[in-house]
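This report concerns only the one structure given below.
The values are calculated or read from the model by the stated rules, or taken from the named source; none is laboratory data. Bear in mind that the values here come from a model prediction, so they are computed numbers and not experimental data. All Cβ positions, even for glycine, are placed from backbone atoms using ideal geometry, and neighbour counts span all protein chains on display.
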């Protein structure tokens, strides 16, 4: 056989799983991100006393498809003086970073998206740090004064909060002792507690930093429409813009997954080691069955036949999946047991990631936006000192627990309190110069009265 | 327009105010009302000369520059000489405590020799009184800017310049404000015909005859 | 013929020294901008991030309303005034009708006065609701806009039931009202007011204590009382700077002298205080409405002013406390059926002049907040 063809086939044989995973990620994640956008719009509408997208498909469920089609068929506009290669490449880079980072995440005991890397979360954090490249290159390639300013602001924000996120994650790594995704989750099972409870300051800091990481409100100044400087996405239209946008939502999935894995127990159900709470395992099946029943009830109230059929289809899909869950349970059919841990784990993981993303969205609709200097001040003057002190705190707590044999919860409580107090003192000390300086600056040039 | 004098529900017994009667409204009357009117006499004049403490002080201070003091519908008006307008304004703000220039505008009387009337509406916060200063100014004269007395006059004078063409001396940046900078003409003058200007523009820029 | 002043330079922003002696950047917030609340162009002179000067370019919405007035009869001009501050058309109409009534030396009957007061106060609430929603939106809070629109919708429904129009209402006539209160007016207003207290609390919960909101509005756009008066700024801006003055109390018009209400004052004159003052004004307007609907006097709704209005020659100046500030009308009559001159003293025009003073020293991101806090409507600025 042709040696070239032979080597290609050998490659495929060895790597077909990874290739399949990559293909599935690229094919499915943008679609999922599109539906997260729909969820956001519906949630926003609900919190704002309105309905959201309703026209395209039943209750707007085909809206993402319509939007994707519209963006695909739009005219491809590139500014005249723009750097065409970089202009093309920048959103691709942004999307690639997010999708690649997703490859190392696992949402079930065997459901690693691509592989179980031994540096797991470090890989994820590192690859998602390539995201800002896409932003700054896009802003630069647009050949627009305001795009580059917006891009630089966005990059500054992202790298500042990456530092914070990194420090917060370190406190989690101290507790888990490993970077492997699977091992972190198992360690949380062994420790009988989610690390959010063992390192609460770290969790909160990571939560805030991850909001800033993904350019979400209240940290969305670089892309806010009502601000003076238009964002890096200004000159992008059509599908290029969609790549940026979907990259941002894919990034949201990534940070939510990292947060869930490290702080929220990954794919473990609540109280995984408490046996008498084993009935919680029936929850996925029951929830899905309830959703199916609700769809059946609503199907009767739909005005049109198409909508009725759609609701029935959704209902039966829910019942089908619920059935699979039920059958895979330990008490049921043996051959399906192998998918049981993965299935249930995936369910809990997805619930936690959804809750995390729900908090993102909730904050977006509720809080106003930070001004850029306030945003940077929050990152550098408040969160980084707090995160640093937190690392110390967690380290001390571990030393107290394993070295001196203290009760775990007592040690955590004391060190957390001490961390918060020490952090606040550090912030106050750090900030006194900044506050004084900004007051002086604001007081100065405005004295002159408006007398001609 | 609908028949405004017949309200759908007015009973015959109602006695709405006739046009000649003095209204009882506690509105902008700043100063004591004129003498009481006879019962069925002809309607009283709406403009009466004004003599009170305020006018006495002004006349004392400025003498001949206060050309006239009248009260129109119970609102005090001082007609002053343009030459001392700025000083009167300063005196009004500093001594008489008229600290708010509520409005500043102009009126065009094209058949008069001094074509324009500058009208400044003043209000005093401490005394809760209003005063109107009017001064006549010719089309070729420049007025003194009041921005040194009340900074609010900045845009108000720009608007007067824009729409009437009265120039103000001492204004920090006198240029058109509502109309584009290159506009020709001053629209609020009585000899400015909107229709004429519009048809001229259409003829010049579109090359057709306006259908208006 | 025209005097295009030779002071027209591109650089007539007030010159100031920059930090580090660097170049100044002129940034243009163009007439099309999501946050300028209309077609307003603001040229900002920046030293890095700080604003050291600004210049407003207005006139994009100038429609020559004062010139039009000279060729319309008094009644024909009334719908035009609605289009100035189109957000609060009822207040514009109130000011104009009262000014012409003064010119005619007539007075609207008591029933008309009370109904006018109710509608004007509802309009004040509606105007402030729109202001709050858009101001919050500019600063990044997405949700209050929709809540405010929900309440404003109720008020606009009442207007529609009353006079057929929601926005440019032409609700009043010279001499009184054309339409009497419809059957359920009192009930509708009462229902709205009962619900409204809770809603104000909702907005307050979302924003007043929010530290991000405070960080974006406290200390921003300071204007002390002296500068307010010197610059002619009126309305909530003046009250937030500490001057406890309201034209409804100083020179009462319509039926305001019959009702008890407070004048909210601020202390510092910053954006946060203006927000609090307007929120409180909404509460006070609600109280006025509740007092008014308890006792609407019976009687005619129209004074006998005649079909053709020919006021005796002379002039009158009448101003009211519109939601945005002091709205004044200076009307001159030459004895004919058409006014000789109508001058409108627009609160937004004069308040906007204060923008330059308020933005100096602030960052670019604050400019949007400051424009929002001025509560301008370009229809009124440009007329």
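General observations
- Sole residue being away from chain B (no Cβ under 12 Å) and either surrounded by 24 or more Cβ atoms within 10 Å (Cβ to Cβ) or out of contact with any helix residue (DSSP H, G or I) (no Cβ under 6 Å at 6 or more places or on another chain) (or both), chosen from C:374, C:332: C:374
- Unique match (being touching a helix residue (DSSP H, G or I) at 6+ places or on another chain (Cβ under 6 Å), modelled with pLDDT of 90 or more and within 20 Å of residue C:353 (Cα to Cα)) among B:177, B:166: B:177
- Any hit, segment C:253-260, residues being buried (at least 21 other Cβ atoms within 10 Å of the Cβ) and more than 29 Å from residue C:290 (Cβ to Cβ): no
- Just so you know, in segment B:101-155 the residues that are farther than 30 Å from residue C:223 by Cβ and buried (at least 22 other Cβ atoms within 10 Å of the Cβ) include one that is nearest to the other protein chains (Cβ to nearest Cβ), and it is B:108.
- Test: residue in segment A:263-271 that is out of contact with any strand residue (DSSP E or B) (no Cβ under 9 Å at 6 or more places or on another chain), away from chain C (no Cβ under 14 Å), crowded, with 22+ Cβ neighbours inside 10 Å and within 29 Å of residue A:153 (Cβ to Cβ): yes
- Matching residues in segment C:76-91 - criterion: being more than 10 Å from residue C:170 (Cβ to Cβ) and either free of Cβ contacts under 8 Å to residues at least 24 places away in the same chain or surrounded by 21 or more Cβ atoms within 10 Å (Cβ to Cβ) (or both): C:76, C:77, C:84, C:85, C:87, C:88, C:91
- In segment A:141-169, the residues that are on the phi > 0 side of the Ramachandran plot form Cβ pairs under 9 Å with partners that are assigned to a helix (DSSP H, G or I) and at pLDDT 80 or above, at six or more places apart or across chains, as follows: A:143/A:87.
- Subset of segment A:399-413 [crowded, with 16+ Cβ neighbours inside 10 Å and closer than 19 Å to residue A:205 by Cα]: A:412
- Within the set A:91, A:58, the sole residue that is modelled with pLDDT under 85 and either over 30 Å from residue A:341 (Cβ atoms) or out of contact with any strand residue (DSSP E or B) (no Cβ under 8 Å at 6 or more places or on another chain) (or both) turns out to be A:58.
- With a requirement of 2 or more residues that are farther than 18 Å from residue C:314 by Cβ, the strands (runs of 3 or more DSSP E) lying completely within segment B:54-127 that satisfy it span B:100-108, B:116-124.
- The residue that is farthest from the other protein chains (Cβ to nearest Cβ), among those in segment B:46-81 that are over 16 Å from residue B:136 (Cβ atoms) and in contact (Cβ under 8 Å) with a residue 40 or more places away in the chain, is B:54.
- When residues of segment C:80-100 are limited to those that are touching a strand residue (DSSP E or B) at 6+ places or on another chain (Cβ under 8 Å) and not in a helix (DSSP H, G or I), the one nearest to the other protein chains (Cβ to nearest Cβ): C:84
- Those helices (runs of 4 or more DSSP H) lying entirely in segment C:216-267 with at least 2 residues more than 8 Å from every other protein chain (Cβ to nearest Cβ) and under 29 Å from residue C:113 (Cβ atoms): C:236-240, C:247-250
- Selection count, segment A:346-398, where residues are under 30 Å from residue A:321 (Cβ atoms) and not in a helix (DSSP H, G or I): 0
Every residue, every condition in (1) farther than 22 Å from residue A:327 by Cβ; (2) at pLDDT below 90; (3) not in a helix (DSSP H, G or I), yes or no:
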| site | (1), (2), (3) |
| --- | --- |
| A:256 | yes, no, no |
| A:266 | yes, yes, yes |
| A:283 | no, yes, no |
| A:292 | no, yes, no |
| A:297 | yes, yes, no |
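- Counting only helices (runs of 4 or more DSSP H) that sit completely within segment A:1-120, those holding 1 or more residues that are within 23 Å of residue A:132 (Cα to Cα) and free of Cβ contacts under 8 Å to residues at least 60 places away in the same chain correspond to A:3-47, A:84-103.
- Test: residue in segment C:176-194 that is closer than 30 Å to residue C:370 by Cβ, surrounded by 23 or more Cβ atoms within 10 Å (Cβ to Cβ) and either in contact with a strand residue (DSSP E or B) (Cβ under 8 Å, 6 or more places away or on another chain) or more than 12 Å from chain A (Cβ to nearest Cβ) (or both): no
- Within segment B:163-179, the residues that satisfy the criterion of being part of a loop (DSSP other than H, G, I, E, B), surrounded by fewer than 21 Cβ atoms within 10 Å (Cβ to Cβ) and at the interface with another protein chain (Cβ under 7 Å from one of its Cβ atoms) are B:172, B:173, B:175, B:179.
- Options A:240, A:216; residue that is at pLDDT 80 or above, within 13 Å of chain C (Cβ to nearest Cβ) and either surrounded by fewer than 24 Cβ atoms within 10 Å (Cβ to Cβ) or more than 11 Å from the chain's Cα centre (by Cα) (or both): A:216
- Residue C:103 vs. criteria assigned to a helix (DSSP H, G or I), closer than 19 Å to residue C:235 by Cβ and either away from every other protein chain (no Cβ under 14 Å) or at pLDDT 90 or above (or both): no
- Selection status of residue C:51, in contact (Cβ under 8 Å) with a residue 12 or more places away in the chain, more than 9 Å from every other protein chain (Cβ to nearest Cβ) and not in a strand (DSSP E or B): no
- In segment C:66-75, the qualifying residues are those that are buried (at least 19 other Cβ atoms within 10 Å of the Cβ) and more than 9 Å from every other protein chain (Cβ to nearest Cβ), and the one that is farthest from the chain's Cα centre (by Cα) is C:74.
- Failed condition for residue C:148, given (1) within 11 Å of another protein chain (Cβ to nearest Cβ); (2) surrounded by fewer than 21 Cβ atoms within 10 Å (Cβ to Cβ); (3) at pLDDT 90 or above: (2)
- The residue list C:228, C:163 contains one member that is within 30 Å of residue C:115 (Cα to Cα) and modelled with pLDDT of 90 or more, which is C:163.
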